[in-house]
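The values are calculated or read from the model by the stated rules, or taken from the named source; none is laboratory data. Everything quoted here is computed from the prediction, not taken from an experiment. Here Cβ is always computed from backbone atoms with ideal geometry, including for glycine, and neighbour counts include all displayed protein chains. Ligands, DNA and RNA are stripped out before the accessible areas are found, and what is left, the full protein with its side chains, is counted by its heavy atoms. Shrake-Rupley method; radii C 1.70, N 1.55, O 1.52, S 1.80 Å.
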Amino acid sequence: MEHVHIFDTTLRDGEQSPGFSMNREEKLQLARQLEELGVDVIEAGFPIASPGDLEAVRAVSAEIKSCRVAALARARQEDVDAALRAIEPAAKPRLHIFLASSDLHLKHKLRISRSEALEQIATMVRYGVKNCEEVEFSAEDASRTDLDFLLEVIEAAASAGATIINLPDTVGYTTPEEYGDMFRLARKHLAAYPKIIFSAHCHNDLGLAVANSLAAIAAGARQVECTINGIGERAGNASLEEVAVALHVRKGLYGVGTRILLEKIYATSRMLSSITSINVPPNKAVVGANAFAHEAGIHQDGILKNPLTYEIILPEKVGVPARRLVLGKHSGRNALRVRLEELGYPTTNAELAECYAMATARADAAKQVTDRDLLSIIHKVRRGRDHAPARTTASAASTR
């Protein structure tokens, strides 16, 4: 089975999102976890941004041994030199150079011509190749770039020695069909460079980052740039856990795999949340609190009979300790019976009926029924049933 490289940019693109900045020690802690998770490349930062960022990238580079460490640089001499200094201690360094390719960015941001952009790309990639064993080039805003010019851009980078070509959807603008077509065209154009790895880097502005990444893989991309919990600029990046699990669950469709150890996903997600003090939304795929929680009675009954009825992957497979059967107003008797048994209170059918009536009334008032509520309910039901015969006997005696 072919291998898709997972390029994690949590420490770089992810950290650039508001509220997610990390200090040196926090970056090191997360980098160690990413190495254990099995990512192929850790993009550790943007060294020209600050002396602190350069030192943090150097620290990660010195620490990480089993996967590549990349540093980002604009196609400028000072950026590239800073990145090279930062990854100098790395066992497996990668220099990641980028330059915008869309006319919008060239005219309004960089204020250079297309020909100047091509020269800048070729010059900086050649310089990078002389000083680093592996160079990646990214055509920023590729998804909004004139396709004929984009082909010139990637050819300039490839001929200068870049061995990874990234075609980012920088502003989350494209759709899966468009994005896949762009990769097919780019691969055909660079057929003379069979060793080049094409990479996808997608943002989630339209909620399509993972879908676009999968479309790129289907079109031949063999690297995906993503982040833990999908953090990143604006609406975020493609979520590493969603991409990895999608490729695992649908391996028959995509025919590719990753080196990600799925059972370490949940712990990695929780570590990032702990470091940044920002939790994932409860409905977040794979790692959200509700990803393996079930309240609807029909779903709960199916899960109790066979988890595959309503789960496409077992929670333990991605490191989630266990699924939750949430007791609320939509829950059924079977889930209530099972939870009471787990709490040490097997019930008769009559007891269960009384508990169910009380639990649904509680759920209407409080949205969810806690274990404490259940214990109170079962004790109340049993006290009531214990006292009922005594009251009947007393009443009968008084009539006699």
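For (1) under 30 Å from ALA267 (Cα atoms); (2) open to solvent by less than 60 Å² (accessible area, probe 1.4 Å), each residue gets a yes or a no:
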residue	(1), (2)
GLU311	yes, yes
LEU314	yes, no
PRO321	yes, no
LEU327	yes, yes
LEU336	yes, yes
ASP364	no, no
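When the range 54-86 is examined, which residues are found to be of a type in the set (Lys, Arg) and assigned to a helix (DSSP H, G or I)? Talk me through it step by step, then tell me what you get.
Initially, the range 54-86 is screened for residues of a type in the set (Lys, Arg), giving 58, 65, 68, 74, 76, 85.
Result: ARG58, ARG85.
Restricting attention to the range 366-382, and to residues there that are surrounded by 13 or more Cβ atoms within 10 Å (Cβ to Cβ) and hydrophobic (A, V, I, L, M, F, W, C), which single residue is modelled with the lowest pLDDT?
VAL369
Inspection of the range 294-307 identifies no residue that is in contact with a strand residue (DSSP E or B) (Cβ under 8 Å, 6 or more places away or on another chain), part of a loop (DSSP other than H, G, I, E, B) and surrounded by fewer than 18 Cβ atoms within 10 Å (Cβ to Cβ).
Among the residues making up the range 59-96, a single one is open to solvent by 20 Å² or more (accessible area, probe 1.4 Å), of a type in the set (A, V, I, L, M, F, W, C) and over 22 Å from LEU30 (Cβ atoms): LEU84. In the set (1) surrounded by fewer than 24 Cβ atoms within 10 Å (Cβ to Cβ); (2) more than 22 Å from ALA246 (Cβ to Cβ), the condition left unmet by ALA56 is number (1). Taking residues in the range 292-305 that are among the small types (Gly, Ala, Ser), and partners anywhere that are open to solvent by 20 Å² or more (accessible area, probe 1.4 Å) and part of a strand (DSSP E or B), the pairs with Cβ atoms closer than 8 Å and at least 6 places apart or on different chains are ALA293/ARG324; ALA293/LEU325. Taking each residue of the range 81-110 that is acidic (Asp, Glu) and looking for partners that are open to solvent by 10 Å² or more (accessible area, probe 1.4 Å) and not in a strand (DSSP E or B) with beta-carbon atoms closer than 7 Å, six or more apart or interchain, yields ASP103/ASP146. Filtering the range 272-286 to residues that are of a type in the set (Gly, Ala, Ser) and either surrounded by 14 or more Cβ atoms within 10 Å (Cβ to Cβ) or touching a helix residue (DSSP H, G or I) at 6+ places or on another chain (Cβ under 8 Å) (or both) leaves SER273, ALA285. Taking each residue of the range 1-22 that is in contact (Cβ under 8 Å) with a residue 24 or more places away in the chain and assigned to a strand (DSSP E or B) and looking for partners that are open to solvent by 20 Å² or more (accessible area, probe 1.4 Å) and not acidic (Asp, Glu) with beta-carbon atoms closer than 6 Å, six or more apart or interchain, yields ILE6/THR258.
Report, by residue number, each residue of the range 106-143 that is farther than 27 Å from ILE42 by Cα and in a helix (DSSP H, G or I). Walk me through it before giving the result.
Start the filter on the range 106-143 by keeping residues that are farther than 27 Å from ILE42 by Cα, which leaves 106-119.
Across the range 106-143, the qualifying residues are LEU106, LYS107, HIS108, LYS109, LEU110, ARG114, SER115, GLU116, ALA117, LEU118, GLU119.
Scanning the range 23-53 for residues that are farther than 23 Å from ILE164 by Cα, touching a residue at least 12 places away in the same chain (Cβ under 8 Å) and not acidic (Asp, Glu) yields a count of 9.
Residue check: is ALA357 farther than 24 Å from ALA289 by Cα and out of contact with any strand residue (DSSP E or B) (no Cβ under 9 Å at 6 or more places or on another chain)? Against the criterion (farther than 24 Å from ALA289 by Cα and out of contact with any strand residue (DSSP E or B) (no Cβ under 9 Å at 6 or more places or on another chain)), ALA357 qualifies.
When the residues of the range 313-331 are filtered to those that are among the charged types (D, E, K, R) and not in a strand (DSSP E or B), the one that is modelled with the lowest pLDDT is LYS329.
For the range 27-53, what are the residues that are outside any helix (DSSP H, G or I), open to solvent by 10 Å² or more (accessible area, probe 1.4 Å) and under 11 Å from ARG12 (Cβ atoms)? Once the filter is applied, which keeps residues that are outside any helix (DSSP H, G or I), open to solvent by 10 Å² or more (accessible area, probe 1.4 Å) and under 11 Å from ARG12 (Cβ atoms), the range 27-53 yields only PHE46.
Going by what's in this entry, would ASP205 be described as farther than 22 Å from GLU134 by Cβ, free of Cβ contacts under 8 Å to residues at least 40 places away in the same chain and open to solvent by 70 Å² or more (accessible area, probe 1.4 Å)? Steps first, please.
Numbers: farther than 22 Å from GLU134 by Cβ: yes; free of Cβ contacts under 8 Å to residues at least 40 places away in the same chain: yes; open to solvent by 70 Å² or more (accessible area, probe 1.4 Å): no.
No; evaluated as a whole, the condition is false for this residue.
Quick check: is even one residue across the range 251-266 of a type in the set (Val, Ile, Thr), more than 27 Å from GLY180 (Cβ to Cβ), part of a loop (DSSP other than H, G, I, E, B) and open to solvent by 10 Å² or more (accessible area, probe 1.4 Å)? Within the range 251-266, none of the residues are of a type in the set (Val, Ile, Thr), more than 27 Å from GLY180 (Cβ to Cβ), part of a loop (DSSP other than H, G, I, E, B) and open to solvent by 10 Å² or more (accessible area, probe 1.4 Å).
Using the structure shown, decide if ASP148 is over 18 Å from PHE46 (Cβ atoms), without any contact (Cβ under 8 Å) to a residue 24 or more places away in the chain and outside any strand (DSSP E or B).
Yes; evaluated as a whole, the condition is true for this residue.
Kindly provide the set of residues from the range 225-239 that are under 10 Å from ALA209 (Cα atoms) and outside any strand (DSSP E or B), ordered by number. I'd like the intermediate steps shown before the answer.
Our first condition is that a residue be under 10 Å from ALA209 (Cα atoms); within the range 225-239, this holds for 226, 230, 235-239.
Of everything in the range 225-239, those that are under 10 Å from ALA209 (Cα atoms) and outside any strand (DSSP E or B) turn out to be GLY230, ALA235, GLY236, ALA238.
Restricting the range 1-13 to residues that are touching a helix residue (DSSP H, G or I) at 6+ places or on another chain (Cβ under 7 Å) and not hydroxyl-bearing (Ser, Thr, Tyr), the residue that is surrounded by the fewest Cβ atoms within 10 Å (Cβ to Cβ) is ILE6.
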